[in-house]
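In what follows, a single structure is set out as structure tokens and then discussed.
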Amino acid sequence: MKRSDLVAEYGKKFNLAGKDAEEQIAWVEERIVKGVKAGDEVILNIGKFTMKKVPARTGRNPKTGEAIKIAAKKKAVFKPAKKFTEALS
């Protein structure tokens, strides 16, 4: 399912114009990103969005085999809820 499909179904379900459905979906996405960026856990019925810090490490250049430094970074993580994973079985 693409985002446009989700927006169309949402608009149909709640009798909204395409623009209104788009704005509401965009608002939810924005709030999830802002919450995770702030370091909060965003918990929904389908699972939990969090941010994980990945420490700096040493890697290898696959062409030359030379050791390189890989910088630390922040990574978004989604952990599905038990209810969600059971629904897939």
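Exceedance of the 27 Å cut-off in Cα-Cα distance is limited, within the set Lys19/Lys83; Lys37/Lys79; Lys2/Lys75; Lys19/Lys53, to Lys19/Lys83; Lys19/Lys53. Considering only Glu23, Glu41, Glu66, the Gaussian network model of the chain with Cα springs below 10 Å gives its largest mean-square fluctuation to Glu66. Looking at region 1-88, which trypsin sites (Lys or Arg not before Pro) are DSSP coil and have at most 12 other C-beta atoms within 10 Å of their C-beta? When the trypsin sites (Lys or Arg not before Pro) of region 1-88 are filtered for loop state and at most 12 Cβ neighbours within 10 Å, Lys2, Lys63 remain.
Helical content alone sets the calculated 222 nm signal of the chain at -13500 deg cm²/dmol, taking -39,500 (n - 2.57) per DSSP H segment of four or more residues and averaging over every residue.
Residues whose amide H lies under 5 Å from that of Gly47, counting only those 5 or more places away or on a different chain, are Ala81; hydrogens are built 1.01 Å from N in the peptide plane.
A dipole drawn for the chain from +1 and -1 charges on Cβ atoms has a positive end, and of Ala71, Ala81, Ile25 the residue lying farthest that way is Ala71. A straight Cα-to-Cα reach below 22 Å connects Lys82 with the lysines Lys48, Lys52, residues fewer than 8 places away in its own chain not being considered. Among (1) 5.8; (2) 9.2; (3) 6.3, which is the computed mean projected area of the Cα convex hull in nm²? The calculated read-out lines up with (2).
Bear in mind these aren't lab numbers, they're just calculated from the coordinates by the rules spelled out. Because the structure is predicted, anything quoted here is derived from the model rather than measured. Cβ coordinates were reconstructed from backbone atoms using ideal geometry, including for glycine residues, and neighbour counts include every protein chain displayed.
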